[in-house]
Amino acid sequence: MRWSELTWSEIPAVLAGVGYAAILPVGATEQHGPHLGCGVDTVIAEELCLAVSTRTGVPMLPTLPYGCSLGHSKRWPGTIAVQPITLIELVKQIGDWAYHSGVRRLFIVNAHVTNAAPLRCALEMLRAEHDDLMVTVMNTATVSERVRQFHFADAGDWHANDAETSLMLAIAPDLVRPDLCATADDPDRTVGCIFPHPVNRTSLNGVTGTPSQADAGKGRIGFDWLVADASAHILRGLAEQPPLDCSYDSCFNDAA
């Protein structure tokens, strides 16, 4: 159910059938160690949302392949980052146009950790401008407790680790260099840190975790959990109504 494959005459009926909802996948283009391609986050966002769209019938907007990856620094080639304010404004404008096409429930599915703050800012702006638009940000690594445990099993500040490498072996093996996985492990050096340090100050090779432990079977289980739990989240959202029916713009003069 790709938005880009629907015609303008088909979109109204599709939206009406799913509570006027749409999914916006957001990824990133950034270094993922010596053993993974730079499109990991975008592939996860795309493949997850395609599967969720198939399960739920909610159309999927085109995936954003660039994110706020400034923390990966310029130490390694491959990262193409945008400033937080750029991502905020881009998602805000996408949300505006989706609204004008009939979307009233927007599920932003984020597969890159440091996109979370800009996406929350875009959410705030969209809610304030469109009184009847509901927006949520779902971060793929924490969509449920079992998914969170899967991602954080080998590192608290994980990146290109066992979980991500296993996911890629399952859903996009062409992005993996298996011969380099065994020597790509790098420990989490952030335990006890007060400041969130950029990756150039926490990792020797862009990895945090143990990709040497990855395998496709583990990745398939993790991906199935992602799809099932994200789908359940979206299905609950399709039935949700605001707790109170009060306009954002009205003065406090309503009868009690």
Net lengthening on full extension, Arg75/Glu240 (0.36 nm per residue, minus Cα-Cα): 54.9 nm
Alpha-carbon spread of the stretch 153-256, three principal axes, descending order, Å: 68, 35, 20
Centre separation in Å (Cα based) which lies between the stretch 25-57 and the stretch 188-235: 13
Sparsely packed chymotrypsin sites (Phe, Trp or Tyr not before Pro) within the stretch 215-252, loop by DSSP, other Cβ within 10 Å at most 12: Tyr248, Phe252
Which of Ser231, Ser203 has the fewest Cβ neighbours within 10 Å, and the rest in rising order: Ser231, Ser203
Cut-off of 10 Å, at most 14 other beta carbons, DSSP loop: longest stretch of the chain lacking such GluC sites (Glu not before Pro): 11-239
Computed E for Arg127/Gln149 - FRET, C-beta separation, R0 30 angstrom, nearest 0.05: 0.45
Sites Cys193 and Thr136, calculated FRET efficiency, Cβ-Cβ separation with R0 30 Å, nearest 0.05: 0.50
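No lab work stands behind these numbers, since they all come straight from the coordinates. Computed from a prediction, not measured in an experiment: that's the story for all the values here. Positions of Cβ are backbone-derived with ideal geometry, glycine not excepted, and every protein chain shown enters the neighbour counts.
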